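All remarks here apply to the structure that follows.
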2 protein chains.
Amino acid sequence: MEQPPKAPEGTAADLIRAGLHLFGQKGFAATSTREIAASAGTNVASIAYHFGGKDGLRQACGAEVVRQIGAVLGAIDAPAAKSADAAAAQLELMLRTMVRFLVTPGDADSLIPFMLREVTEDGPILDAVYSAMFEPMHRRFCALWSAATGQEADSARTRLTVFSLIGQVLYFRIGRPIVSRRMNWSSPGRAEADEVAELLVANLRSILERERLT
Amino acid sequence: MEQPPKAPEGTAADLIRAGLHLFGQKGFAATSTREIAASAGTNVASIAYHFGGKDGLRQACGAEVVRQIGAVLGAIDAPAAKSADAAAAQLELMLRTMVRFLVTPGDADSLIPFMLREVTEDGPILDAVYSAMFEPMHRRFCALWSAATGQEADSARTRLTVFSLIGQVLYFRIGRPIVSRRMNWSSPGRAEADEVAELLVANLRSILERERLT
DNA sequence: GCAATTCAATCAATCGTTTGATTAAATCAC
DNA sequence: GTGATTTAATCAAACGATTGATTGAATTGC
């Protein structure tokens with residue numbers, strides 16, 4: 001039986017929280033260990049004690065991202081859809097969940113900037129997060145797409161189409177500073193997230209209808 | 001008459017080139033002035049002499065991005081499309097151009113990581129680049145969309161739809177490390193870019209058909 | 001009492017910037 | 001035209017500040 005990794009607690013957890021926030025906001029190199037310690041309400045030496053050093057804390061932050069996202073993902077882990085329509089409905093639900101999670105300010109505010117930086121860095125953290133998170137998530141999406149359209153689940157076309165669907169969602173988070181300016185959003189809330197979600201679901205339906213093998 | 005801003009030359013240009021490359025690759029804070037100077041084949045003091053300091057070089061890099069992208073954009077600046085079909089064709093062309101420019105390795109290799117970091121940073125550089133580049137580009141896209149569908153050009157729906165189209169393209173660049181892993185691309189070349197372009201054009205057509213007011 | 005943590009203090013290394021000297025080209029006075 | 005002077009540009013060297021890491025003592029929880 002697969003045990004869910006335990007959540008850190010105490011000073012270690014405080015340091016990870018501070019690290020996720022500051023690394024995501026200012027970048028790894030631009031964040032000093034003293035700043036992290038101050039934000040966590042502890043001493044600099046705690047970083048070396050708990051994680052072996054600044055790089056160790058970075059790794060721990062990556063693991064914490066995997067853990068948290070895994071918890072959210074595991075909650076909506078549904079059994080394989082029986083019919084094409086059920087699969088399509090499940091795709092829509094996943095899309096809405098993603099949009100709400102990504103666009104609405106909340107828990108993800110620390111996770112996403114951190115991960116975004118790790119992706120552009122393309123370092124060792126990304127390797128771990130990719131195989132633990134991105135790939136399984138993408139595979140599940142592809143399987144649903146296959147069930148909904150009748151297309152091959154691991155054809156290049158299917159994989160790219162799924163990326164194009166995910167890309168639509170992610171851009172509204174990654175490019176949030178730009179989108180907010182253009183839309184005159186001071187800060188995207190629930191209403192704005194729903195507006196985006198409705199549009200992206202409509203896009204999903206249009207693309208899905210085209211790809212569907214009748 | 002609007003004069004195109006002149007391209008820097010000499011040591012200043014070398015420093016900007018090195019700055020774009022290193023800032024984009026490792027981040028602003030993680031790049032030392034000595035490293036930049038060495039990469040540009042000059043002395044550290046040149047940075048302060050030409051740009052007033054490290055921050056000045058960062059600004060100059062932002063201006064250079066605007067200049068280069070502006071040059072590419074100005075070249076394909078077409079007159080307003082006459083018919084809906086012509087507008088749709090022009091949208092497809094712009095999409096293909098964007099995909100090829102973004103996905104294929106080349107000149108944009110330094111520009112995009114740099115801009116991506118500036119966007120996540122949401123600093124003063126982004127303000128300048130947004131009004132000089134992102135907004136005009138987005139407006140033109142919206143106008144074309146309006147001409148192709150009959151929708152209102154500056155409705156929230158239109159603006160969001162255009163973002164969703166741009167998002168599809170950008171994700172294939174931003175998430176390139178992830179996409180490449182999943183697609184087993186060692187490095188995306190012309191063939192891969194065309195494959196992506198064809199898919200995204202097909203998506204464009206599907207969405208456009210739905211939004212078209214008959 | 002003892003092991004686990006946290007602390008203030010300190011370390012060498014590196015950071016961005018400044019300095020004064022040096023060079024070659026441009027400008028000036030005549 | 002020509003020698004004197006100024007300017008633009010680059011350089012090695014050094015500046016104070018800050019970095020991540022380490023140390024040994026103090027503190028905590030049991």
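Inter-copy label distances at residue B:127, shortest first and taken from points set 7 Å along Cα to Cβ: 4.2 nm.
Please report B:73, B:22 as a ranked list, fewest other C-beta atoms within 10 angstrom at the top and most at the bottom. In order of increasing Cβ crowding within 10 Å: B:73, B:22.
Take residue A:59, move 7 Å from Cα toward the beta carbon, and the resulting point lies 4.2 nm from the same point in each other copy, nearest first.
Note on chain B: with charges restricted to the Cβ of Lys and Arg (+1) and Asp and Glu (-1), its dipole about the Cα centre is near 340 debye. For chain A, the membrane-span-like helix rule (DSSP H, alpha carbon extent of at least 24 Å along the helix axis, mean Kyte-Doolittle at least 0.0) picks out A:54-75, A:84-103, A:156-174; this says nothing about an actual membrane. Per residue of B:148-154, other chain Cβ atoms within 10 Å of the residue Cβ number 0 on average.
Over chain A, dividing the summed -39,500 (n - 2.57) contributions of all DSSP H runs of at least 4 residues by the number of residues returns a 222 nm mean residue ellipticity of -24000 deg cm²/dmol. Neighbours of residue B:39, meaning other residues whose beta-carbon lies under 13 angstrom from its beta-carbon, give a summed charge of +1 when Lys and Arg score +1 and Asp and Glu score -1. With a Förster radius of 30 Å applied to the C-beta separation of residue B:44 and residue A:38, the computed FRET efficiency comes to 0.45. Between the listed residues A:47, A:15, A:30, the Cα displaced farthest toward the positive end of the dipole of the stretch A:1-61, a dipole computed from Cβ unit charges relative to the Cα centre, is found at A:30. Label-to-label distance for residue A:55 and residue B:93 is 5.1 nm, based on points extended 7 Å past Cα in the beta-carbon direction. Across peptide A:155-163, the mean count of Cβ atoms from other chains lying within 10 Å of each residue's own Cβ comes to 4.
Seen through its C-alpha gyration tensor, with square-root eigenvalues sorted a ≥ b ≥ c, the stretch A:76-211 comes out oblate because a/c lies at 1.5 or above while a/b is not bigger than b/c. Spin-label model, residue A:187 to residue B:191: label points 7 Å out along the Cα-to-beta-carbon direction sit 4.9 nm apart. Overall, the anisotropy analysis places the protein assembly as shown in the oblate class: the square-rooted eigenvalues a ≥ b ≥ c of its C-alpha gyration tensor yield a/c not less than 1.5, with a/b not exceeding b/c.
By other beta-carbon atoms within 10 Å, ranking A:158, B:161 with the fewest at the front produces A:158, B:161.
Taking Cα centre as origin and charging only the Cβ of basic (Lys, Arg, +1) and acidic (Asp, Glu, -1) residues, the dipole magnitude of the protein assembly as shown rounds to 0 debye.
With the label put 7 angstrom out from Cα along the Cα-to-Cβ vector, residue A:29 ends up 1.1 nm from the copy partners, going from closest to farthest. Among the lysines of the protein assembly as shown, pairs that are 8 or more positions apart or on different chains and have alpha carbons within less than 19 Å of each other number 5.
Taking every pair of distinct Cα atoms and averaging 1/r, then inverting, what Kirkwood hydrodynamic radius in Å comes out for the stretch A:148-214?
Values: mean 1/r = 0.0742 Å⁻¹.
Across the stretch A:148-214, the inverse of the average 1/r is 13.5 Å.
In this label model, residue B:107 and residue B:128 are separated by 2.0 nm, measuring between points 7 Å along each Cα→Cβ vector. Each residue in A:208, A:165, A:93 was given a count of other beta-carbon atoms within 10 angstrom of its own, and listing them fewest first yields A:93, A:208, A:165.
FYI, it's all coordinate maths here, none of it is from the lab. Treat the numbers as computed from the prediction; the structure is a model and nothing was measured. All Cβ positions, glycine included, derive from the backbone under ideal geometry; neighbour counts span all protein chains shown.
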